[in-house]
Structure formats: C-alpha cells, structure tokens
1. Scan the stretch 77-89 for residues that are in a strand (DSSP E or B) and out of contact with any strand residue (DSSP E or B) (no Cβ under 9 Å at 6 or more places or on another chain) and report the count.
2. If you check E84 against the conditions, is it loosely packed, with under 15 Cβ neighbours inside 10 Å, charged (D, E, K, R) and at pLDDT 95 or above?
3. State all residues of the stretch 4-24 that are in contact (Cβ under 8 Å) with a residue 24 or more places away in the chain and exposed (fewer than 14 other Cβ atoms within 10 Å of the Cβ); if no residue qualifies, say none.
4. Take the stretch 1-45 and flag every residue that is part of a loop (DSSP other than H, G, I, E, B) and not polar (S, T, N, Q).
5. For the stretch 37-47, how many residues meet the condition of being under 19 Å from E20 (Cβ atoms) and either surrounded by 13 or more Cβ atoms within 10 Å (Cβ to Cβ) or aliphatic (A, V, I, L, M) (or both)?
6. When the stretch 49-76 is examined, which residues are found to be touching a strand residue (DSSP E or B) at 6+ places or on another chain (Cβ under 9 Å), surrounded by 13 or more Cβ atoms within 10 Å (Cβ to Cβ) and not in a helix (DSSP H, G or I)?
Amino acid sequence: MNPVIYRYRFKPCVALQDVEETLLLGVLAAEGLYGAARIEMDVCYRFDRDRHACAVDAHSDAGRDVARIFTNLLRHEFGADAFEVTAVDVAVGGKPAEGRA
C-alpha cells in the first residue's frame with residue numbers, strides 16, 4: 001500500500017476551530033487503540049486556515065485509523081455535505097489515489 005495523505009476541504013460556514021477540536025477527539029479515540037507513544041510517533045496532521053482545509057497523514061495504521069475516526073466524526077457533527085475528503089497518493093507525486101474517496 002502506498003503512503004496516503006487525506007486532504008479535507010471545508011465549506012466556509014464550518015468553523016475550523018470546531019474542526020480542529022473534532023480532529024483532536026479522533027486522535028484521543030485512536031490513542032485508546034494504539035497508546036499515546038505510538039500516536040505521538042505515527043500521527044501527523046496539518047491545518048491550512050487560508051484554504052479552509054486540513055490534511056491527515058495516513059502512512060501508518062494509526063494514521064489511517066485517525067483519518068477514519070475523524071471522517072466519521074465530521075459526518076456526524078457537520079454533515080456529509082460540509083466537507084470533501086480526497087486521498088492523495090504520495091508515491092505518485094501527490095496525485096489523487098485511484099479508487100479512494
């Protein structure tokens with residue numbers, strides 16, 4: 001499996017502070033599965049406030065699970081139409097991964 005980054009873009013009406021808190025809740029949930037040390041070592045994310053977006057690095061099992069938990073929490077908190085998520089295949093120069101959301 002190639003390294004993947006999930007890129008999230010949010011509608012302007014979605015407050016990024018709320019999104020960041022939702023991501024931190026997802027990280028906390030994944031910590032229950034993997035432990036604090038593994039989350040600290042394996043999970044990376046970045047917010048881009050100017051683009052109203054964020055990205056989660058899913059190169060590891062922990063990162064993939066954080067992305068899954070985060071996506072599910074976003075759907076429940078903001079609704080599926082409040083954001084878009086795209087899987088970007090890092091191994092092919094940042095092109096969208098085939099067959100993924």
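The values are calculated or read from the model by the stated rules, or taken from the named source; none is laboratory data. Please read all numbers here as calculations on a predicted model, not as lab measurements. FYI the Cβ positions are ideal-geometry reconstructions off the backbone, even for glycines, and counts take in every protein chain you see.
1. 0
2. Against the criterion (loosely packed, with under 15 Cβ neighbours inside 10 Å, charged (D, E, K, R) and at pLDDT 95 or above), E84 qualifies.
3. Step one: list which residues in the stretch 4-24 are in contact (Cβ under 8 Å) with a residue 24 or more places away in the chain, which gives 4-14, 16, 18-20, 22-23.
Residues satisfying the conditions are K11, P12, C13, D18.
4. M1, P3, K11, P12, C13, V14, A15, G35, V43
5. Residues flagged as under 19 Å from E20 (Cβ atoms) and either surrounded by 13 or more Cβ atoms within 10 Å (Cβ to Cβ) or aliphatic (A, V, I, L, M) (or both) within the stretch 37-47 amount to 5.
6. Listed by number, the residues that qualify are H52, A53, C54, A55, V56, D57, A58, H59.
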